[in-house]
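Asker: Pasting a structure here, questions to come.
The values are calculated or read from the model by the stated rules, or taken from the named source; none is laboratory data. Everything numeric here is computed off the predicted structure, so don't read it as measured data. Here the Cβ positions follow ideal geometry from the backbone for every residue, glycine too, while neighbour counts run over all protein chains shown. Accessible surface is based on the protein model in full, side chains and every heavy atom, while ligands, DNA and RNA are left aside. Shrake-Rupley method; radii C 1.70, N 1.55, O 1.52, S 1.80 Å.
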Amino acid sequence: DGNLHYADTMNTQPGKIMRRLPSGEESLVAEMPSAPKSSFVTGMTSGPDNMLYITVSAGSGKATTIWKIGADGKPNLFATVTIPDSVQAKPMEDMPKTYCRDLAVDVDGNVLVAATGSRCVLKFTPAGEMSVVFQDEAPWAMTGVTTFAGEIYMLEYDHTGTDRQKWVAKV
């Protein structure tokens, strides 16, 4: 719609969803429901149904949740991320298995989520049914996901070591 949407997490957690018009005027779209103090918005995208989709990751082993926000500004819980036993990749050492960083929605309304903590991409159907689309092995972990013309593109980082300047990326 030509507007920029973003999560204002400076004063609230997990955050307020804001809209910035091309003119620079800003307005509140929605306030995310309260969550544990370490919760924050980690991804946001729009879908073909004109809804905003948002991932909220909670710390302390809590699951990531996916929310939908429509024109009424009311956040509705779409899904809670669980990692199936079939995902055998070594989880990230410093984050919960359910920690997610990004999401995308394809033309059919399927929600794709980069499950960084488990090194995989999850797919949720419009009905909320989940499946694993892709899984990688350490040291690679998904940090971004998008879709175009029926293809899924993933951004992964080699998370070897603590110096982020030396992390290697691949798509």
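Asker: Using the Karplus equation 6.51 cos²θ - 1.76 cosθ + 1.60 (θ = phi - 60°), what ³J(HN,Hα) coupling, rounded to whole Hz, does each residue of region 129-146 give in order, writing x for Gly and Pro?
Answerer: In residue order, the calculated couplings are 6, 10, 8, 8, 8, 8, 9, 10, 10, 4, x, 6, 9, 5, 10, x, 8, 8 Hz.
Asker: What does the accessible area per residue of the chain come to in Å², with a 1.4 Å probe and no ligands, DNA or RNA counted? Please list the in-between numbers first.
Answerer: Values: 9300 Å² over 171 residues.
Ligands and nucleic acids excluded, the figure is 54 Å² per residue.
Asker: Another question, if that's okay. Leaving out ligands, DNA and RNA, what percent of the accessible area of the chain is carbon and sulfur, probe 1.4 Å? Walk me through the numbers on the way to the answer.
Answerer: On the way: 4660 of 9300 Å².
So the carbon and sulfur contribution to the accessible surface is 50 percent.
Asker: Rank-order 43-52, 16-25 by packing density, defined as the average count of other C-beta atoms within 10 Å over each peptide's residues, highest first. Walk me through the intermediate numbers first.
Answerer: Details: 43-52: 16.3, 16-25: 12.8.
Peptide ranking by packing, descending: 43-52, 16-25.
Asker: Here's something else I'd like to know. Hey, which lysines would be in cross-link range of residue 97, C-alpha to C-alpha under 17 Å, not counting anything within fewer than 8 residues on its own chain?
Answerer: 62, 123
Asker: Can I ask one more? Give me the Kirkwood hydrodynamic radius of region 75-120 in Å, from all C-alpha pairs, to one decimal place? Can you show the working numbers first?
Answerer: Values: mean 1/r = 0.0858 Å⁻¹.
Computed over region 75-120, the radius equals 11.7 Å.
Asker: Right, next: Given the peptides 112-125, 70-83, arrange them by the average over their residues of other C-beta atoms within 10 Å, most packed first. Could you put the intermediate results ahead of the total?
Answerer: On the way: 112-125: 24.5, 70-83: 14.7.
The packing order, highest mean first, is 112-125, 70-83.
Asker: Quick check on packing: order 138-145, 152-159 by the mean number of other C-beta atoms within 10 Å, highest mean leading.
Answerer: Working: 138-145: 20.9, 152-159: 17.2.
Ranking, from highest mean packing down: 138-145, 152-159.
Asker: Could you state the orientation-averaged shadow area of the convex hull built on the Cα atoms of region 40-94, in nm² to one decimal? Don't skip to the end; give the middle numbers.
Answerer: On the way: hull surface 19.7 nm².
Spelled out: convex hull of the Cα atoms, projected over all directions, averaged, 4.9 nm².
Asker: Another question, then. For residue 74, which lysines qualify as cross-link partners when the Cα separation must be under 22 Å and same-chain residues fewer than eight apart are set aside?
Answerer: By straight Cα distance, residue 74 reaches 16, 37.
Asker: Can you put 85, 163 in order of accessible area, largest first, using a 1.4 Å probe? Present the calculation step by step, with values, prior to reporting the outcome.
Answerer: Details: 85 135, 163 65 Å².
Reading off the accessible areas and sorting them downward yields 85, 163.
Asker: Hey, another quick one. Taking every pair of Cα atoms in the chain, average 1/r, invert it to obtain the Kirkwood radius, and report Rg/Rh to two decimals. Walk me through the numbers before you get to the answer.
Answerer: On the way: Rg = 15.9 Å, Rh = 16.5 Å.
With Rg and the Kirkwood Rh in hand, the quotient comes to 0.96.
Asker: Take the alpha carbon gyration tensor of region 80-171, find the square roots of its eigenvalues, order them as a ≥ b ≥ c, and report rounded if a/c is under 1.5; if not, report prolate when a/b exceeds b/c, else oblate. Write out the running numbers ahead of the final one.
Answerer: Details: a/c = 2.36, a/b = 1.45, b/c = 1.63.
Judged from the Cα gyration tensor, region 80-171 comes out oblate (a/c at least 1.5, b/c at or above a/b).
Asker: Residues with amide H under 5 Å of residue 78's amide H, sequence separation 5 or more or different chain, H placed in the peptide plane at 1.01 Å from N; which?
Answerer: 66, 67, 68
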